[in-house]
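Please read the structure below before turning to the comments.
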Amino acid sequence: MGCGSGLASIYCSKKLPKANHYLQDFNENVIKYFTSVNVLLNSEVSNSEEVLSRFHYLYGDWSATADDIHCSVKFDLIFTSETLYNCDNYEKLCKVFKWCLSPTGTVYIASKSHYFGVGGGTYSFMDFIESDGYFGAEIAHEIETPLIRHIIKLWIK
């Protein structure tokens, strides 16, 4: 979710060479001209048709993404980074997680502790998750920089 350059998926494809990977970003042009090109250039698979069969690209708002893949695909792992910047989007993001995460799956979210100007961040998201009650959550890792960063782990209760 919010794949940008696709680095997390490229890394995962090297560790899980038989897995299918779905990369989503809001911006269609990012997917078309940056993500898919980067995946193709950095894939260890020599056959571009095999790359095309293992990597699937989605773009648009998270609500549309959830509707596009609702019930057709369940994911064991969902990675997302820098997607907690706006509290108003938490419900849409979690809708994707609820509809698309397998019962034993895990979501990992890389986030700043706080995003200035819009009020989102790790702690406001953790409050949202607790009030919703659907997921268990923990801060799996903290990175101490001037603006603290976290890796949040979610699972279905």
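Across the stretch 135-149, in residue order, what do the Karplus-derived ³J(HN,Hα) couplings come to in whole Hz, using 6.51 cos²θ - 1.76 cosθ + 1.60 with θ = phi - 60° and x for Gly and Pro?
Computed from phi, the couplings for the stretch 135-149 are 10, x, 8, 8, 7, 7, 7, 10, 10, 7, 10, x, 10, 4, 10 Hz.
Once label points are set 7 Å from the Cα along Cα→Cβ at both Val37 and Tyr108, what is their separation, rounded to one decimal in nm?
Distance between the two pseudo-spin positions: 2.8 nm.
Loop-only check: which trypsin sites (Lys or Arg not before Pro) in the stretch 71-106 are DSSP coil with at most 15 other Cβ within 10 angstrom?
Lys74
May I ask you to compute the full-extension gain from Lys92 to Lys157, defined as 0.36 nm times their residue separation minus their alpha-carbon distance, rounded to one decimal in nm?
Result for the pair: 21.5 nm of gain on full extension.
For the stretch 63-157, give the share of DSSP beta bridges that are antiparallel, in percent and rounded to the nearest 5; count only bridges with both residues there.
The antiparallel proportion sits near 75 percent.
Sequence gap of 8 or more, or different chains, plus Cα separation below 23 Å: how many lysine pairs satisfy both in the chain?
Going through the chain pair by pair, I get 21.
Return the long-range amide H neighbours of Leu23 (sequence gap of 5 or more, or a different chain), with a cut-off of under 5 Å between placed amide H atoms.
Amide H neighbours of Leu23, under 5 Å, 5+ apart: His56, Tyr57, Leu58.
Please turn the phi angles of the stretch 97-112 into ³J(HN,Hα) values with the Karplus equation 6.51 cos²θ - 1.76 cosθ + 1.60 (θ = phi - 60°), one per residue in order, whole Hz, x for glycine and proline.
Calculated HN-Hα couplings, in order: 4, 5, 7, 10, 7, 5, x, 10, x, 9, 10, 10, 10, 8, 8, 7 Hz.
Could you give the nm distance between label points at Leu7 and Ser72, where each point is 7 Å from its Cα heading toward the beta carbon?
For Leu7 paired with Ser72, the spin-label model returns 3.1 nm.
If each residue of separation counts as 0.36 nm, what is the full-extension length gain between Asn29 and Glu49 once their alpha-carbon separation is subtracted?
5.1 nm
With +1 on each Lys and Arg Cβ and -1 on each Asp and Glu Cβ, how big is the dipole of the chain about its Cα centre, in debye rounded to the nearest 20?
Around 360 debye, computed over the chain.
Only the coordinates and a few stated rules stand behind these numbers; no lab work does. From a predicted model like this one, the values you see are computed outputs, not experimental measurements. Virtual Cβ from ideal backbone geometry, glycine too; neighbours counted across all protein chains shown.
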